[in-house]
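*Asks:* There's a structure below that I have some questions on.
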Amino acid sequence: MADISISHLVKTYPGGADRATDDVSLAIKDGDFTVLLGPSGCGKTTLLRMLAGLEYPDSGSISVGGRDVTYLPPNKRNMSMVFQSYAVFPHRKVRYNIGFGLQMAKVNSKEIERKVQWAADLLQLTPYLDRLPAQLSGGQRQRVAVARAIVMDADVLLMDEPLSNLDALLRLTFRSELKKIVKDLGTTTVYVTHDQSEALSLGDQVAVMRKGRIAQLGDPLDVYDAPADKFVGGFIGSPPMNFISAAVTDSGDALRVGDQNLHAPSMLRSFANEDIVLGVRAENIGVATDRSSGDIPATVLVVEPMGSSVLLTVDVDGQSIKVQAPPTFRTSPHQTIWLTFSPNTMRFYDGATSMALEAK
Amino acid sequence: MTVQSPPTRPAAVRSPHRPRRVPPAVWLIGPSILFMALLMGWPMVQGVLQAVQNEHGFTLDFIRQMVEDPYFWPAVRNTALLIVVMIPLQFGIAIGMALLLRSNPRLNKLHFFVWAIPLALSDLAAGLVWLSIFNDRGYLNSFLKGLGIDGVPWLAYDNQATLFFCVLIAEVWRSTSLVLVIVVAGLQGIPKDYDEAAQVFGATFWQRLRHVTLPLLKPSLQVALILRTILAFQTFAVAQALTGQNFPLVVGETYRWYTALQNPNVAAALALVILVASMLTSIFYLRALREKGQGGTR
């Protein structure tokens, strides 16, 4: 177990024009579960592979538990890893696969046997110990890959999209199981995923990556509630955050959206007379079928019942907005409804830089 | 209410007009089976008969004649020695080269191409090239002379050690590329993840080779071993060009009995020895490499 400190990592693949990771710095506390989240090609897997030693950076450094490991080969780093493809050795039985790392480290066979048994119990693999991977289902192979990683007493546990090859139901059940196992283990964990719900549900901290850089690093709920820029808000959340063009009035105490006026929080005073972007999550917009004070009218375009809620696509003066209404809310296309925005759920972004606005 | 009859299953109804067709598999493999039977099977049967039959019927005379020939046992010994030394050497070199190629050096396609060139060369031509290197006034001796060292009569008839050494070098050079091509193809079929996983879990290079790469490569190695060993039993042209009859090999003897001594029966008996030896080693390899595995599902 150890903390990780990544500083100014730059990596460009041979033949690639763009930097795969572009001056990434990241600190991970001992025992923390950190999720690297981002769309494909954002550099999250490259970062993980540099942590594992499967790639070396062009510049920058990685230290684990105070030891510089930047250019150390993978077998000298005392890490373990769960691969996206599982990489469970097909020619060896489950028992051997789980004990592989221990055997390479020449741990005595009694101890290997004990640890393999422990991991197999934990992951419900005991009946399959003497089978070959080809005789297992995908989910079981995945469990073997996890068992192989957790028997190691590694400093750091790395996971590269470990759930992405499972079907939706299995993914959901195994996700919570994995969270419990890793929590009990207490190992520092770095987990790569492109699935935002995995990131939010598993991580102690989430690093949202884009184009080789970390766009936002923070607590999962912070990242969800207060995205640092439009990209993060658009990437996290389903549906993504709404971004509405708006203008702050001359006096700075109201926000104009089309022809409607919204009450503006005091932090916008310093942006009087400027065009900004209002960001608001679908579930944070109130809906009503009749007018009450402070509401703005919208025309319903699409109604999608989702079971636990109703997803509405509405039009506010030419801008289309997603609204999550309670399941009991009844409406139909072309109808006019009234929306309420509560000041503490509204986020504001600069139209040009896409960055969150801070009071000047 | 009327009882509805159960719907008839379409599969159970055979169309009476459906013509019986020859399965495509027969068309696909038929010609090659015919070809093999005519051009290989029949001559083989004839060859076997020729070795054990004279005009009066079954006889072991030719086999006795073969065994009593003074060149027979040296030829068997030389062939066996060549195989025992050459095959492990070749596989070591080929696996090493394939691993070098896998590490993706610059120009690795060019390296592979150059390393595969001997595959395209006629073995007699290769033998003649090596003859120009190893003969008394060849490139090797000229080179040594340039360094101020006296030349060595590499191919002298009374120097069996250097004769063996020359044939070995030439054969390794000529035929290792076949093993290389098979091993490279096999390595390309193994996902990189296994090797990477082994690295992360602390395996050293040799541990990875022994516990991951070689076991996963086993099917390819098996093919290459069988092919190379069978071909090594048939080593002929290179040795013939380099040594004539000074370093006899079994196939060289076959050739001598057939052409110089005009005795096709003894030649057929020698060919039979090679056939039996090839079959026995193939069976041995198939058995040995299967039993070491961890069960039969792969």
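The values are calculated or read from the model by the stated rules, or taken from the named source; none is laboratory data. Not measured: the values here are computed from a predicted model. For neighbour counting, all protein chains shown are included, and Cβ atoms are generated from backbone atoms with ideal geometry for every residue, glycine included. Side chains are part of the model used for accessible areas, which takes the heavy atoms of the whole protein and leaves out ligands, DNA and RNA. Shrake-Rupley method; radii C 1.70, N 1.55, O 1.52, S 1.80 Å.
*Asks:* I want to confirm something. Restricting to the stretch A:281-290 and keeping residues that are open to solvent by 10 Å² or more (accessible area, probe 1.4 Å) and assigned to a strand (DSSP E or B), which single residue is farthest from residue A:237 (Cα to Cα)? Walk me through how you get there before you give the answer.
*Replies:* If we filter the stretch A:281-290 for residues that are open to solvent by 10 Å² or more (accessible area, probe 1.4 Å), which is where we start, we get A:283-284, A:286-290.
Next, from what is left, pick out any that are assigned to a strand (DSSP E or B): A:286-288.
On the way: A:286: 18, A:287: 20, A:288: 23 Å.
Result: A:288.
*Asks:* Can you work out which of the residues in the stretch A:80-113 that are open to solvent by less than 30 Å² (accessible area, probe 1.4 Å) and touching an Asp or Glu at 6+ places or on another chain (Cβ under 6 Å) is farthest from residue A:127 (Cα to Cα)?
*Replies:* A:83
*Asks:* Hey, another quick one. Could you list all residues from the stretch A:314-360 that are of a type in the set (Lys, Arg) and in a strand (DSSP E or B)? Break it down into steps so the answer makes sense when it comes.
*Replies:* Residues of the stretch A:314-360 that are of a type in the set (Lys, Arg), as a first pass: A:322, A:330, A:347, A:360.
Result: A:322, A:347.
*Asks:* If you don't mind, another one. Wholly within the stretch A:159-259, which strands (runs of 3 or more DSSP E) include no fewer than the required count, namely at least 2 residues that are closer than 20 Å to residue A:4 by Cβ? Before you say what the answer is, go through the steps one by one.
*Replies:* On the way: elements: A:188-193, A:205-210, A:213-218, A:242-248, A:254-257.
It comes to A:188-193, A:205-210, A:213-218.
Here's the yes/no breakdown for (1) free of Cβ contacts under 8 Å to residues at least 60 places away in the same chain; (2) farther than 24 Å from residue A:275 by Cα:
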site	(1), (2)
A:186	no, yes
A:193	no, yes
A:231	no, no
A:236	no, yes
A:244	no, no
A:251	yes, no
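*Asks:* Looking at the structure I just gave you, is residue A:202 in contact with a Leu (Cβ under 6 Å, 6 or more places away or on another chain) and open to solvent by less than 10 Å² (accessible area, probe 1.4 Å)? I'd like the intermediate steps shown before the answer.
*Replies:* Numbers: in contact with a Leu (Cβ under 6 Å, 6 or more places away or on another chain): no; open to solvent by less than 10 Å² (accessible area, probe 1.4 Å): yes.
No.
*Asks:* Checking the structure you have, find out if any residue of the stretch B:62-85 is more than 27 Å from residue B:241 (Cβ to Cβ), open to solvent by less than 60 Å² (accessible area, probe 1.4 Å) and of a type in the set (Phe, Trp, Tyr).
*Replies:* Among the residues of the stretch B:62-85, at least one is more than 27 Å from residue B:241 (Cβ to Cβ), open to solvent by less than 60 Å² (accessible area, probe 1.4 Å) and of a type in the set (Phe, Trp, Tyr), which makes the answer yes.
*Asks:* Still on this structure, I have one more. Could you list, ordered by first residue, the pairs with Cβ atoms under 7 Å in which the first is in the stretch A:198-210 and touching a residue at least 60 places away in the same chain (Cβ under 8 Å) and the second is acidic (Asp, Glu) and outside any helix (DSSP H, G or I), at least 6 apart or interchain?
*Replies:* A:204/A:32; A:205/A:32; A:205/A:219
*Asks:* In the stretch A:112-127, how many residues are away from chain B (no Cβ under 14 Å) and closer than 22 Å to residue B:212 by Cβ? Working first, answer last.
*Replies:* Just the residues of the stretch A:112-127 that are away from chain B (no Cβ under 14 Å), to begin with: A:113-114, A:117-118, A:120-127.
Remaining after also requiring closer than 22 Å to residue B:212 by Cβ: A:113, A:120, A:125.
So the count comes out to 3.
*Asks:* Here is a further query. Could you list, in sequence order, all residues of the stretch A:147-170 that are away from chain B (no Cβ under 14 Å) and at pLDDT 90 or above?
*Replies:* If the condition is that a residue be away from chain B (no Cβ under 14 Å) and at pLDDT 90 or above, then A:163 is the only one that fits.
*Asks:* Continuing with the same structure: Are any residues in the stretch A:86-102 in a helix (DSSP H, G or I) and facing another protein chain (nearest Cβ under 7 Å), and if so, which ones?
*Replies:* Going residue by residue through the stretch A:86-102, those that are in a helix (DSSP H, G or I) are A:94-102.
Residues satisfying the conditions are A:100, A:101.
*Asks:* Need the failing condition index for residue B:235 against (1) in a helix (DSSP H, G or I); (2) of a type outside the set (Gly, Ala, Ser); (3) open to solvent by less than 50 Å² (accessible area, probe 1.4 Å), just the number.
*Replies:* Condition not satisfied by residue B:235: (1).
*Asks:* Further question on the same structure: For the stretch A:156-201, how many residues are of a type in the set (D, E, K, R), out of contact with any helix residue (DSSP H, G or I) (no Cβ under 7 Å at 6 or more places or on another chain) and under 17 Å from residue A:83 (Cα atoms)? Outline the logic, then answer.
*Replies:* So in the stretch A:156-201, the residues of a type in the set (D, E, K, R) come out as A:160-161, A:167, A:171, A:175, A:177, A:179-180, A:183-184, A:195, A:198.
Cutting the leftovers down to out of contact with any helix residue (DSSP H, G or I) (no Cβ under 7 Å at 6 or more places or on another chain) gives us A:161, A:167, A:171, A:177, A:180, A:183-184, A:195.
If we keep only those that are under 17 Å from residue A:83 (Cα atoms) too, we end up with A:161, A:167, A:171, A:195.
The qualifying residues number 4.
*Asks:* Would you point out which residue out of A:126, A:70 is free of Cβ contacts under 8 Å to residues at least 24 places away in the same chain and in contact with a helix residue (DSSP H, G or I) (Cβ under 6 Å, 6 or more places away or on another chain)?
*Replies:* Values: A:70 fails: in contact with a helix residue (DSSP H, G or I) (Cβ under 6 Å, 6 or more places away or on another chain).
Just one listed residue meets the conditions, A:126.
*Asks:* Here is a check on your reading of the model: is residue A:21 away from chain B (no Cβ under 14 Å) and among the β-branched types (Val, Ile, Thr)? Give the steps one after another, and end with the answer.
*Replies:* Numbers: away from chain B (no Cβ under 14 Å): yes; among the β-branched types (Val, Ile, Thr): yes.
Considered against the rule, which asks whether it is away from chain B (no Cβ under 14 Å) and among the β-branched types (Val, Ile, Thr), residue A:21 comes out as yes.
*Asks:* For the stretch A:291-310, how many residues are in a strand (DSSP E or B) and of a type in the set (D, E, K, R)?
*Replies:* Filtering the stretch A:291-310 for residues in a strand (DSSP E or B) gives A:296-305, A:310.
Remaining after also requiring of a type in the set (D, E, K, R): A:304.
Qualifying residue count for the region: 1.
*Asks:* Let me ask something else about it. Only residues in the stretch A:129-141 that are more than 9 Å from chain B (Cβ to nearest Cβ) count as the first member; pair them with residues that are surrounded by fewer than 14 Cβ atoms within 10 Å (Cβ to Cβ), Cβ under 9 angstrom, at least 6 apart or cross-chain, and list the lot.
*Replies:* Every condition considered, the pairs that remain are A:138/A:167; A:139/A:167; A:140/A:124.
*Asks:* Here is a further query. Does residue A:27 meet the test of being within 22 Å of the chain's Cα centre (by Cα) and within 14 Å of another protein chain (Cβ to nearest Cβ)?
*Replies:* Working: within 22 Å of the chain's Cα centre (by Cα): yes; within 14 Å of another protein chain (Cβ to nearest Cβ): no.
Criteria not met by residue A:27.
*Asks:* To continue, here is another question. Name every residue in the stretch B:152-178 that is of a type in the set (Phe, Trp, Tyr) and either assigned to a helix (DSSP H, G or I) or buried (at least 16 other Cβ atoms within 10 Å of the Cβ) (or both), in order of residue number. First the steps, then the outcome.
*Replies:* Going residue by residue through the stretch B:152-178, those that are of a type in the set (Phe, Trp, Tyr) are B:154, B:157, B:164-165, B:173.
Scanning the stretch B:152-178 gives B:154, B:164, B:165, B:173.
*Asks:* For the condition open to solvent by 10 Å² or more (accessible area, probe 1.4 Å) and at positive phi, what is the one hit in A:261, A:273?
*Replies:* Working: A:261 fails: at positive phi.
Residue meeting the stated conditions: A:273.
The rows are residues; the columns are (1) among the hydrophobic types (A, V, I, L, M, F, W, C); (2) modelled with pLDDT of 90 or more; (3) in the same structural domain as residue A:178 (by TED's automatic domain parsing).
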residue: A:18; (1), (2), (3): no, no, yes
residue: A:24; (1), (2), (3): yes, yes, yes
residue: A:30; (1), (2), (3): no, yes, yes
residue: A:34; (1), (2), (3): no, yes, yes
residue: A:39; (1), (2), (3): no, yes, yes
residue: A:42; (1), (2), (3): yes, yes, yes
residue: A:47; (1), (2), (3): yes, yes, yes
residue: A:51; (1), (2), (3): yes, yes, yes
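*Asks:* Identify all residues within the stretch B:202-224 that are away from chain A (no Cβ under 14 Å) and open to solvent by less than 30 Å² (accessible area, probe 1.4 Å); write none if there are none. Walk me through it before giving the result.
*Replies:* So the first thing to find is which residues in the stretch B:202-224 are away from chain A (no Cβ under 14 Å), and the list is B:223-224.
Result: B:224, single match.
*Asks:* Could you check the stretch A:49-73 and list, in sequence order, the residues that are open to solvent by less than 10 Å² (accessible area, probe 1.4 Å) and within 11 Å of chain B (Cβ to nearest Cβ)?
*Replies:* A:51, A:52, A:53
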